[in-house]
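The values are calculated or read from the model by the stated rules, or taken from the named source; none is laboratory data. Fair warning: this is a prediction, and the values are worked out from it, not measured in the lab. As a convention, Cβ positions derive from the backbone with ideal geometry for all residues, glycine included, and neighbour counts pool all protein chains shown.
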């Protein structure tokens, strides 16, 4: 039996990737975190999702829609230096044992998510935390301004 071709959104992401992202965003928001997606990191990388706790703790989540997506992408190793905890988020039909044990794991769909495995803590150095907090604030403010003014400008901090 042939599988149906993937449906893609205007931003190029498969529909199920967007569904997982939505569920993870809902999970973190319900847990009291502020959340930004497609977050530009200082080293030029872009994290799928960054969650900021009220105490300043920073979590990064890399969304993986397939095992092939995971195997083809090693940039996630760079993300661990920009957060206190790092997670993968996957759809429920993906094998959890394919993902490293030294990262957290979230299983999600469009309606919500479950924390399958907590990520180990790797505390950011104070200077790194300050830089990430300033970047988070600037990106959030610029996106809010663009949305409120219907601008095409999407500042990246």
Pair list, Cβ < 6 Å and 6+ apart or interchain, from segment 55-75 residues that are at pLDDT below 95 to residues that are assigned to a loop (DSSP other than H, G, I, E, B) and surrounded by 13 or more Cβ atoms within 10 Å (Cβ to Cβ): 70/64; 75/45
Number of positions in segment 5-47 that are modelled with pLDDT under 95 and part of a loop (DSSP other than H, G, I, E, B): 13
Please indicate, with yes or no, whether at least one residue in segment 50-59 is out of contact with any helix residue (DSSP H, G or I) (no Cβ under 8 Å at 6 or more places or on another chain) and part of a strand (DSSP E or B). no
For segment 78-125, the count of residues that are in contact with a strand residue (DSSP E or B) (Cβ under 7 Å, 6 or more places away or on another chain), outside any loop (DSSP other than H, G, I, E, B), without any contact (Cβ under 8 Å) to a residue 40 or more places away in the chain and under 14 Å from residue 67 (Cβ atoms) equals 3
